[in-house]
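These notes are about the structure you will find just below.
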Amino acid sequence: MHPQLIIHKHEGCEGVIEALDQCHKANSFNKFLGFCNDAKREVDQCLKEEFLAQRAENRGKNAEKRAKMKKVWQDIDEPSPEFIAKHTKTDE
């Protein structure tokens, strides 16, 4: 089962969503008797592919964010030699 499908949120699956809606509208008992199961499987497969693509994209973005934050924390924990030289007193 999936929530109500909004086509503009799932543009890649527009055709299969339309086919499922038409099957359900053709006869109100179609969805209860299993006549729309093939269309439903196609919608489920399309939504799954869309989800996996979005997850892969998010995984890449998060890896970049983690690397950036790791560098920030590393800079905080280990100040640069220039910073140390500038802020330490030397007895000359």
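Here, each number is a calculation from the coordinates, and none is a lab measurement. What you see is a predicted model, and the numbers here were worked out from it, not measured in a lab. Positions of Cβ are backbone-derived with ideal geometry, glycine not excepted, and every protein chain shown enters the neighbour counts.
If each DSSP helix of 4+ residues adds -39,500 (n - 2.57) and the sum is divided by the residues in the chain, what number results at 222 nm, nearest 500 deg cm²/dmol? Could you put the intermediate results ahead of the total?
Numbers: 4 runs with 65 residues, N = 92.
Mean residue ellipticity, 222 nm, calculated: -23500 deg cm²/dmol.
Relative to the first principal axis of the alpha-carbon coordinates of the chain, what is the inclination of helix 37-77, with its axis defined by its Cα atoms, in degrees from 0 to 90 and to the nearest 10?
Roughly 10 degrees between the two axes.
Straight distance only, please: which aspartates and glutamates reach the Cα of Lys40 with their own Cα at less than 16 Å, same-chain residues fewer than 8 apart left out?
Glu14, Glu18, Asp21, Glu49, Glu50
Among Leu52, Leu47, rank each residue by its count of other Cβ atoms within 10 Å, from fewest to most, as a rough exposure measure.
Neighbour counts put them in this order, fewest first: Leu52, Leu47.
So what's the angle, to the nearest 10 degrees on a 0 to 90 scale, between helix 14-26 and the longest Cα principal axis of the chain?
30
Of the chymotrypsin sites (Phe, Trp or Tyr not before Pro) in the stretch 25-87, which ones lie in a loop per DSSP and count no more than 15 other C-beta atoms within 10 Å?
Passing both the DSSP loop test and the Cβ count: Phe29, Phe35.
Using the structure shown, list the pairs from Lys25/Lys48; Lys9/Lys61; Lys31/Lys61; Lys9/Lys31 with a Cα-Cα distance above 31 Å, or answer none.
Numbers: Lys25/Lys48 24 Å; Lys9/Lys61 21 Å; Lys31/Lys61 40 Å; Lys9/Lys31 23 Å.
Listed pairs above 31 Å: Lys31/Lys61.
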